[in-house]
Amino acid sequence: MQDITFEGLETTDRRLRELALDLGYVSLAEVTGRHSCEPLGRADFSATDLAPFLMEMEDEPAEFGELAQAVDLDDPSGEDLARAASRWLRQVAASNMAGRGTAKFKVCLWRPKGDALLHSARFVARNPLHMEREEGEDYPLVAAPSPTVLPPTPLPAVIVGPEERVWTALGDGYTRLISLAQNTYSHIAGLQNRTIVVLNGQNQRLQGVVEELSGDLIQLKIGAYEVESGRRTDDGETKVREELGRQFISELGTLGRVVASAKLGLSPEMVDLFETVNASPELLETLRSPEVRKLLKDEKTRKELAELLKMAASATADPPVANDSPPPNVEDLLKAA
């Protein structure tokens, strides 16, 4: 790149230093027509993308020599990044000369995320070596030998090596390949950083949703526990009342029967039935079951239960059979129903 000169980059170098705190990235394109450009690459204004250009190069331009100083590669200053961006512009432009004598380029300085263009300029790159070859100075015309009477003596075959321009073209191509590889790596690193930022934001939003759902689930469990506790308390109070009622009836004895018959209009048989049911916890628990009470509400089920009780009473009235089987239990019949 030491033979290539750049015209019109001085203003861009100055603007890079002035806008160092506001820059997001730098883009470079080759001018192919009056209103057309071909993008060549972009570099983020950060130590990640400009790391290869932070150190002073061997063919450093004269305007950089006065500003050269020790660079902190981990935390470079805005001045260091501005010089690195200038080196990046010259390197990419030189690698895209491709053996040409002159080429025009356009440089743009952008804010972060590309929301505003801070500076735009065009400059020209010239390669004196290729310009001379394009003018034909390296290939002078050779006069044809004058004819002779005797036939010319055949000359031995000479192996001619590749010309200098071939080696130059190979060197330019290799330089361009290295530049493209560096730009590709920088672009991939930028994509990875942006992907990590997006995924981190999504994870934080999902974590907030999970926390809200967890809070709602805890509130639902607390409500269910309170309802269950209230239900258990109500059941306990009901059982206490029933037990007190049974004790009251058993203690009243005959007087309780008389009071129940007089006040409630219950027959003595119904009072005896209530005492029988209260005396059996199993029978009382069976009658308290919602399923049994639902069955008792059905008229057909009540008729069948009455028939079963009559059959049980008839069986107990008959003489015992040879196998001495016990009579059917009313509680078992109620449970079976």
Which condition number does M97 fail, the rest of (1) farther than 14 Å from F123 by Cα; (2) modelled with pLDDT under 85 being met? (1)
Selection count where residues are among the basic types (K, R) and in a loop (DSSP other than H, G, I, E, B), scope segment 97-130: 2
Those residues of segment 101-126 which are buried (at least 17 other Cβ atoms within 10 Å of the Cβ), over 11 Å from L28 (Cα atoms) and of a type in the set (A, V, I, L, M), in sequence order: A103, A125
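Surrounded by fewer than 20 Cβ atoms within 10 Å (Cβ to Cβ) and in contact (Cβ under 8 Å) with a residue 12 or more places away in the chain, is that true of L9? Break it down stepwise before answering.
Values: surrounded by fewer than 20 Cβ atoms within 10 Å (Cβ to Cβ): no; in contact (Cβ under 8 Å) with a residue 12 or more places away in the chain: yes.
For L9, the condition - surrounded by fewer than 20 Cβ atoms within 10 Å (Cβ to Cβ) and in contact (Cβ under 8 Å) with a residue 12 or more places away in the chain - is not met.
The values are calculated or read from the model by the stated rules, or taken from the named source; none is laboratory data. Quick caveat: nothing in here was measured; it's all calculated off a predicted structure. With ideal geometry, Cβ positions are generated from the backbone for all residues, glycine too; neighbour counts draw on all protein chains shown.
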